[in-house]
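Asks: The structure under discussion is supplied below as structure tokens; questions concerning it will follow.
The values are calculated or read from the model by the stated rules, or taken from the named source; none is laboratory data. Note that the structure is predicted; figures quoted are calculated from it, not measured. Backbone-built Cβ (ideal geometry, glycine too); neighbour counts: all protein chains shown. Only protein heavy atoms, including side chains, enter the accessible area calculation; ligands, DNA and RNA are left aside. Shrake-Rupley method; radii C 1.70, N 1.55, O 1.52, S 1.80 Å.
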Amino acid sequence: MKAALCLIFVLVWIMSNNDGSSSLSPTTVTRRNTKLLIRDIRACNKDVSKALTLLEDTSEEGPYLAALQVCGKAKRHHVAIDLCRQMPNSESCRALAISVCGRCGEYKQALKLLKEGNHSNRKSSQSYNAAIAACGHSHAWKEALNVLESMPLSLVNTFTCNAVLTALAKSKRGKEAFDLLKRMKSREYSNATPDRTTYDHVINALLRQQKLDTAYTVFCEMKQHPDTFPKDGTFELLITAFGKRKKWDMAHALERERLEQGTTQQNDSKDGRLELSSFNFWDMESMVKVGRGKYARWEFGTLLINGKELAIAVHPHRNPAKNGISIFLVDNSGDNPVKLGYVIMINSASANTSTLLGVFVDPKQRKEGYSKIFLALWFKLCLHAKIQPRTGIINKPLLALVLQHTFGCIPQEGAGNSAELSPGKDEGTIVLYSLCAKNLQGAFSPKDIKREGLEFTSKPTKPRGRKVTVGTSFSPPKDEEALTQAIDKILAGKVSYKLTSHELRRVFLGEK
């Protein structure tokens, strides 16, 4: 019996002092150490020196690839090239180093790196594709085509051709893009079949070179195959192009076709959110388009405030799945236009509503009372267009205060958190005292608390604050005349615009 107990004791002692490493083969241990090393190198983020230090005691491909990723983040293409030359037989390292050169705008270095290395090790399509992308990043479209021509035909695939087409689209080379599409369709490259991305790049390149008719021909070809049928963004490109040419019949026909085909991805069918294309604004003589791209706006009125005339402008949401607009004020008095703030909303034609999502005012202008001005302008336009105004969930205490006490809006019954709002001791801060059993501080994120300058108290302030409900939606007051009086008190004699009720409904709801 004693001998058995001694044997058990010895076995337990051996197991407790065994770290388990003896049961692992040397190959497994090496593999585990390599994974840990790769993780440590990736954790260096942009610290190239630290990554190189960790790399000193290994010749494995994985850690080198991780170090090259660090070089890419830090935009250190010279270091990436040196690392690649230390691994001459690794095509993955070569392709990644070429990509790093491309991100740094050094396409010539990328092409030089493509030609280097052990010629017995055939380059993969990965390296060629990376070189083409590097050329495209620097708008070197001729060099991108040269790389394509130098590739073995067996390595050219759809991804390769799409990379070339991306470069051609960036450089507005529509003719060359269309020629490459024809070569792909002729099966010159056995592994390169045009896909939806291919057609999108070709159309983009043609439109940038003002070749609308050819682009529309390619678009019609896309529709012949289910796998390449155009999505919402492609429709929008053509609609925009026809709108700029003032070919409204074609623009409206494409819009109807898109809706009939169901290509618009509606996020909330209950709200009836439909796509609002920017072309809806372009054929209205009372609106003037200013700027391009995401900086584009349509000015339709003026607002006189503090002796300064501000432009009232509108812009549709860039997400075509949401029928919404932003209305903002622009100061055009200086050399460069200054956006003072905006109100953003989502609109529903089926429900005849405009839902306020929020108001943003430039921090430099927050003492000028622009929040009231933006809300009054939104209410005025809604009432003129006979659209029902309402809000989404409002979690900004000051915005909720203005809605309730200035315009008489009604919070949703039984929702949100009731509180008293008072000015804080420090400038730009407000104090909230909860009037309900809920933890008021938990209703706001740390970001909201910092941005809004919120402070919380468990006791009523002296003097008592003004009652407000946050974290809920609001509806307008039932007395429309009282709302109109509140609007006129803020905007009387200051606003001027020429849009009719029908045009406003078109701006808000996309009505034809």
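Asks: Exceeding 24 Å between C-alpha atoms, which entries from my cross-link table qualify? They are Lys170/Lys211; Lys247/Lys380; Lys211/Lys244.
Replies: Numbers: Lys170/Lys211 15 Å; Lys247/Lys380 32 Å; Lys211/Lys244 13 Å.
The pairs that break the limit, which is 24 Å between Cα atoms, are Lys247/Lys380.
Asks: Also: For the modelled label position 7 Å from the Cα of Lys367 along Cα-to-Cβ, which residues of segment 418-436 have backbone nitrogen atoms closer than 18 Å?
Replies: 423-430
Asks: Apply the a/c threshold of 1.5 to the C-alpha gyration tensor of segment 38-85 and tell me whether it is rounded, prolate or oblate. List each step's numbers first, then the result.
Replies: Values: a/c = 1.62, a/b = 1.11, b/c = 1.46.
Oblate, because a/c is 1.5 or more while a/b does not exceed b/c.
Asks: Rounded, prolate or oblate: which fits segment 183-255 when a ≥ b ≥ c are the square roots of the eigenvalues of the alpha-carbon gyration tensor, with rounded for a/c under 1.5 and prolate only if a/b beats b/c?
Replies: On the way: a/c = 2.69, a/b = 1.86, b/c = 1.45.
Cα axes put segment 183-255 in the prolate bin.
Asks: Grab the other residues whose beta carbon is less than 13 angstrom from that of Lys172, score K and R as +1, D and E as -1, and report the net. Kindly include the intermediate steps, with their values, before the conclusion.
Replies: Details: positive: Lys170, Arg173, Lys175, Arg208, Lys211; negative: Glu176.
Combined, the nearby Lys, Arg, Asp and Glu give +4.
Asks: Calculate, in whole percent, how much of the Cα-Cα pair population of segment 38-143 lies beyond 25 Å.
Replies: Numbers: 895 of 5565 pairs.
That tail contains 16 percent of the Cα-Cα pairs.
Asks: Right, something else. For Lys308, which aspartates and glutamates qualify as cross-link partners when the Cα separation must be under 14 Å and same-chain residues fewer than eight apart are set aside?
Replies: Correct list for Lys308: Asp331, Glu368.
Asks: Accessible area of segment 326-421 with a 1.4 Å probe: how many percent of it is carbon plus sulfur?
Replies: 51 percent
Asks: What are the ³J(HN,Hα) couplings of segment 72-83, residue after residue, when phi is run through the Karplus curve with 6.51, -1.76, 1.60 and θ = phi - 60°? Round to Hz, x for glycine and proline.
Replies: Rounded to whole hertz, the list is x, 5, 7, 6, 10, 5, 4, 5, 4, 5, 4, 5.
Asks: Going by the alpha-carbon gyration tensor, a ≥ b ≥ c the square roots of its eigenvalues, is segment 55-206 rounded (a/c under 1.5) or, if a/c is not under 1.5, prolate (a/b greater than b/c) versus oblate? Working shown, then result.
Replies: Values: a/c = 2.51, a/b = 1.79, b/c = 1.40.
Prolate is the answer for segment 55-206, as a/c is 1.5 or above and a/b outweighs b/c.
Asks: Next question, about the same structure. Based on the Cα gyration tensor of segment 336-423, what are the three equivalent ellipsoid semi-axes, each the root of five times an eigenvalue, rounded to whole Å and given largest first? Please report the intermediate quantities before stating the final value.
Replies: Details: eigenvalues 89, 81, 24 Å².
Gyration-tensor ellipsoid for segment 336-423: 21, 20, 11 Å.
Asks: Further question on the same structure: Pull up all non-local amide H partners of Ile394: gap of 5 or more, or a different chain, and H-to-H distance under 5 Å with H placed in the peptide plane.
Replies: Here Gly471, Thr472, Ser473 satisfy the definition.
Asks: Just grab the label-to-label distance for Gln261 and Gln388, each label 7 Å out from Cα along the Cβ direction, in nm (one decimal).
Replies: 3.4 nm
Asks: Straight distance only, please: which lysines reach the Cα of Lys75 with their own Cα at less than 19 Å, same-chain residues fewer than 8 apart left out?
Replies: Reachable lysines: Lys46, Lys50, Lys108, Lys112.
Asks: I would also like to ask the following. Of all the accessible heavy-atom surface of segment 79-188, with the other protein chains kept in place and a 1.4 Å probe, what percent is carbon and sulfur?
Replies: Numbers: 2490 of 4920 Å².
Of all accessible area on segment 79-188, carbon and sulfur atoms account for 51 percent.
Asks: Could the peptides 106-114, 364-372 be put in order, highest first, of the mean number of other beta-carbon atoms found within 10 Å of their residues?
Replies: Working: 106-114: 21.6, 364-372: 15.3.
In descending order of packing, they fall as 106-114, 364-372.
Asks: Now for a separate question. Under a 5 Å amide H to amide H cut-off, with H placed in plane at 1.01 Å, what residues pair with Ala351 once short-range neighbours are removed?
Replies: When sequence neighbours closer than 5 places are left aside, there are no close amide H contacts.
Asks: ³J(HN,Hα) across segment 229-236 via Karplus (A = 6.51, B = -1.76, C = 1.60, θ = phi - 60°), whole Hz, x for Gly/Pro?
Replies: For segment 229-236, the Karplus-derived couplings read 4, x, 8, 4, x, 5, 4, 4 Hz, x marking Gly and Pro.
Asks: May I pose another question? Please work out the FRET efficiency for the pair Lys247 and Leu357, using the Cβ-Cβ distance as r and a Förster radius of 35 Å; give the result to the nearest 0.05. Kindly include the intermediate steps, with their values, before the conclusion.
Replies: Values: r = 33 Å, r/R0 = 0.96.
Once the sixth-power term is evaluated, E becomes 0.55.
Asks: A follow-up question, please. Contact order normalised by length for segment 60-182, with contacts defined as Cα pairs under 8 Å and 6 or more residues apart; what percent is it? Intermediate values should be presented prior to the final figure.
Replies: Values: 174 pairs, mean separation 24.0, N = 123.
With pairs under 8 Å counted, the relative contact order is 19 percent.
Asks: Rank Glu116, Glu61 by accessible area, highest first, at a 1.4 Å probe radius? Write down the numbers at each step before the final one.
Replies: Working: Glu116 50, Glu61 75 Å².
Reading off the accessible areas and sorting them downward yields Glu61, Glu116.
Asks: Taking amide hydrogens as modeled 1.01 Å from N in the peptide plane, which residues meet the under 5 Å criterion relative to Gly341, leaving out close sequence neighbours?
Replies: So Gly341 has HN proximity to Leu329, Asp362.
Asks: Next question, about the same structure. Sorted by mean Cβ packing within 10 Å, highest first, what order do the peptides 201-211, 454-464 take?
Replies: Working: 201-211: 23.3, 454-464: 11.6.
Ranked from most to least packed, the peptides come out as 201-211, 454-464.
Asks: Which value, in Å³ per residue, describes the convex hull spanned by the Cα atoms of segment 347-489? Working shown, then result.
Replies: Numbers: hull volume 18.3 nm³, N = 143.
Value for segment 347-489: 128 Å³ per residue.
Asks: Report ³J(HN,Hα) in whole Hz for each residue of segment 186-198, in order, from the Karplus equation J = 6.51 cos²θ - 1.76 cosθ + 1.60 where θ = phi - 60°; Gly and Pro get x.
Replies: Using θ = phi - 60°, the values come out as 7, 6, 4, 10, 5, 9, 10, 10, x, 10, 4, 4, 4 Hz.
Asks: Please work out how much length the chain gains when fully extended from Glu56 to Thr302, using 0.36 nm per residue of separation minus the C-alpha to C-alpha distance, in nm with one decimal.
Replies: Difference between extended and current length: 82.0 nm.
Asks: Same structure again: Quick check for you: which residues of segment 126-149 have the amide N under 14 Å from the point 7 Å beyond the Cα of Lys75 toward its beta carbon?
Replies: Within reach of a label on Lys75, which here means backbone N under 14 Å from a point 7 Å along Cα→Cβ, segment 126-149 contributes 138.
Asks: For the residue pair His502 and Ser286, what label-to-label distance in nm results when each label sits 7 Å from Cα along the Cα-to-beta-carbon direction?
Replies: 1.1 nm
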